[in-house]
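To start, the structure itself, in structure tokens.
The values are calculated or read from the model by the stated rules, or taken from the named source; none is laboratory data. Since the structure is predicted, the reported quantities are computational estimates derived from the model, not experimental observations. Cβ: placed from backbone, ideal geometry, glycine included. Neighbour counts: every protein chain shown.
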Amino acid sequence: MKLNFLMCIILSATLAGAADTVLNFAPEQLEARYHAKVTDDAEGIHLVTDTPEWDSGLRINPPAGEKFDFSKARYLAVDVENLSKDRQLRLTMHISSGSREKNSSSHVDLPLREINTGIGLNPGEKRTMRLYLPHAALFTAPEDGKNFRRPLDTTQINSIEFKMQWPFEPGRKELLNCRLSNIRLEGEPEFDRKVDAENYFPFIDVYGQYKHSEWPEKIHSDSDLTEEHARELAELDNTPDPATWDEFGGWANGPQLKATGSFRVAKYDDKWYFVDPAGHLFWSFGIDVLRTHTDATNGRNHQHWFDTKLPDDGMLPFTHWNLQKKYGKEDYAEDFYNVLNRRLRAWGINTIGNWGDGQHIIMSKMPYTISLGEMIKGIRKLGNVKFYDVFDPSFEEKMGNILRDRAAEEVHVAKSIGDPMCIGYFIDNELQFGNITQGVMKAKADQPAKVEFIKDLKAKYGDDIARLNKAWETSYADWNKLAESTDIPKSKGFREDSGDFYRKFVNRYFEICRKGIKNVAPHRLYLGCRFVGFRQAGVTWEAAAKYCDVVTVNTYSNSVYNTNRGDFRDRPIMVGEFHYGTYDRGMFSASLCPVGDQHERGVSMTRFVQGALAHPNFVGVHYFQLRDQPLTGRYDGEGYQIGFVDVADTPYPEMTKAAREIGENMYDYRSNGKLVNEMK
């Protein structure tokens, strides 16, 4: 392993020795976008916007008729300073090459491709945002290979853009107020990373790693696996639990509330918290997908990609094989979970997030959540929309008894009903709330939701289709024609009526889900359906707040501090998924939130959690996920470098160190309520 660290030092020295190229821009190159305000002075570019909308921000254009040429650098970097005195900043930087035209101007004939990086900053903080440049000339894979890093034609960069990707905040004065300075190109391209076609295959080694790169944690032999395991076990032996925690990971020395023997939620000092079974305030810092292994690599039709001979089924479970070697046995799961429990406490993690393994959960060593299912089988769906038809009888029968049925099927679910370590249950994940109205209107005439909608319309309009036609500005001959129609009217009258039905629809969804839990376990928490982001309709928030004990949202961004507290209806909120990734460990895709390097991953996670801790509604955040995804992608193509551990189960020290500091200090930080850089 020493050779790897030496190579890393040499690469760092090479980068440090290369002169930066500061980019200077004429005033006409600075384009303020969608209500943003941009001024340029000796200190840098001052960017202010009152709206988070996607196009608001700054676009730096190349001189007229030209493109930017970044082909002689390794990074595009910029120093970003948050000028706000009281709120976090989140910002993303984007570059692209090619175009949406059929005939791209790119010399490698790429379609439009964009990459980005992001940063989260506390008030007054200044840090560097750095974007690795994936040169197409170096990283385009040979035919029948797999492209490394979504390469760009870096000789033909269209522009540099700064904005808030994935907008969700409400508009407010100076929502974004920052200074951009020292925009520069750093280092030299990694010319040694170019692999000729004749030497490219195989490009995945026997451990599931990219063969043509080196990094500090890379495994080169079976002995590396066992030696790293021994080193980590010795480290865990010398790492005590966070001193501020009780047996559940709650605030041992904090306020003593009523101990009920179960997790609940309560407001204390005007902030929401979980309360653990001992009556201590609990803030949930968790990790998703805590399992021995997931997402085996699909090698079918690609034998030449691998050093490993393909099994008969074509699937290569690299992590499973690595763990067998690491633990020296075929059935290592119990050993793995015993070590994982030690790891999590040492890392400052106090919760098993979504998709935890039942074998781990049933050990009852740590507070946990359980998913009772996603798009439950046997319930009629709403056409092509990822949602149930909540008016079909199957919905109330199946969903209204979901905990009962799951407990009859799975031992860990049955045990959870009486287990103090169980926080509560999720039902579903990332449903398409925004498509419900479309699903109802485009459904066939016998779809129960459509039948229910028309029944409500008949009651409102006195069974008079003419009155409805006048309100909707339509011309249905009769109610049957409305039922058969799949068109979606544009009128105000339709929007009002469909809005009323939408409210009825989503309230029924959450009400029945709640019954499915509370009929069996009234003392357990209903943790919601894991919304996709914070941009939900007001009636959706109302329904979720009415029936969920905690509303859970999955969000991929650099800060949640500026989320709209009014949306939450004074209810506790939890983040079900967030993460950060990068390109410096041989992976082809960084993440939904790319950052510059491993150090920045740790800092970004810290800033995200700080923003949630300082927000009175958040009661926890869960990181997605424990392990990096497969190099060539999982079943849906995702192949992100996002884990606390890699494919060989080796921890990333930058992430574990940052998590430990969070876990040790999060209760004092939340109690203080102020955004300051140091967690200590």
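Of Gly250, Gly254, which residue is farther than 20 Å from Lys146 by Cβ, in contact with an Asp or Glu (Cβ under 6 Å, 6 or more places away or on another chain), of a type in the set (Gly, Ala, Ser) and modelled with pLDDT of 95 or more? If you could, list the steps in order and put the result at the bottom.
Numbers: Gly254 fails: in contact with an Asp or Glu (Cβ under 6 Å, 6 or more places away or on another chain).
Residue meeting the stated conditions: Gly250.
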Restricting to region 118-153, name every residue that is within 24 Å of the chain's Cα centre (by Cα), surrounded by fewer than 22 Cβ atoms within 10 Å (Cβ to Cβ) and of a type in the set (S, T, N, Q).
Thr128, Asn147
When region 154-188 is examined, which residues are found to be assigned to a loop (DSSP other than H, G, I, E, B), buried (at least 17 other Cβ atoms within 10 Å of the Cβ) and either at pLDDT 95 or above or in contact with a helix residue (DSSP H, G or I) (Cβ under 6 Å, 6 or more places away or on another chain) (or both)?
Thr154, Thr155, Gln156, Met164, Leu175, Gly187
Would you pick out the residues in region 446-467 that are more than 18 Å from Leu382 (Cα to Cα) and free of Cβ contacts under 8 Å to residues at least 24 places away in the same chain?
Lys458, Ala459, Tyr461, Gly462, Asp463, Asp464, Ile465, Ala466, Arg467
Say we look at region 575-633 and pick out the residues that are of a type in the set (Val, Ile, Thr) and touching a Pro at 6+ places or on another chain (Cβ under 8 Å); which of these is farthest from Met93 (Cα to Cα)?
Val619
Taking interchain pairs and intrachain pairs at least six residues apart, which have beta carbon atoms under 6 angstrom, with the first residue in region 389-403 and free of Cβ contacts under 8 Å to residues at least 60 places away in the same chain and the second hydrophobic (A, V, I, L, M, F, W, C) and part of a loop (DSSP other than H, G, I, E, B)?
Ser394/Ile379; Lys398/Ile376; Lys398/Ile379
The conditions are (1) without any contact (Cβ under 8 Å) to a residue 60 or more places away in the chain; (2) closer than 27 Å to Val551 by Cβ; (3) not hydroxyl-bearing (Ser, Thr, Tyr), and Gly673 fails exactly one of them. Which is it?
(1)
Restricting to region 20-45, give me the number of residues that are basic (Lys, Arg) and either touching a residue at least 40 places away in the same chain (Cβ under 8 Å) or not assigned by TED's automatic domain parsing to the domain that holds Glu161 (or both).
1
When only residues in region 305-327 that are within 26 Å of Ile287 (Cα to Cα) and either more than 29 Å from the chain's Cα centre (by Cα) or of a type in the set (Lys, Arg) (or both) count, which is surrounded by the most Cβ atoms within 10 Å (Cβ to Cβ)?
Lys326
Total residues in region 226-254, condition part of a loop (DSSP other than H, G, I, E, B), in contact with a helix residue (DSSP H, G or I) (Cβ under 8 Å, 6 or more places away or on another chain) and either surrounded by fewer than 12 Cβ atoms within 10 Å (Cβ to Cβ) or among the β-branched types (Val, Ile, Thr) (or both)
3
So which residues in region 656-680 are of a type in the set (A, V, I, L, M, F, W, C) and buried (at least 22 other Cβ atoms within 10 Å of the Cβ), if there are any at all?
Ala658, Ala659, Ile662, Met666, Leu675
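Scan Gly528, Gly533, Gly586 and give me the residue that is buried (at least 24 other Cβ atoms within 10 Å of the Cβ) and either acidic (Asp, Glu) or touching a strand residue (DSSP E or B) at 6+ places or on another chain (Cβ under 9 Å) (or both). Steps first, answer last, please.
Values: Gly533 fails: buried (at least 24 other Cβ atoms within 10 Å of the Cβ); Gly586 fails: buried (at least 24 other Cβ atoms within 10 Å of the Cβ).
Among Gly528, Gly533, Gly586, only Gly528 is buried (at least 24 other Cβ atoms within 10 Å of the Cβ) and either acidic (Asp, Glu) or touching a strand residue (DSSP E or B) at 6+ places or on another chain (Cβ under 9 Å) (or both).
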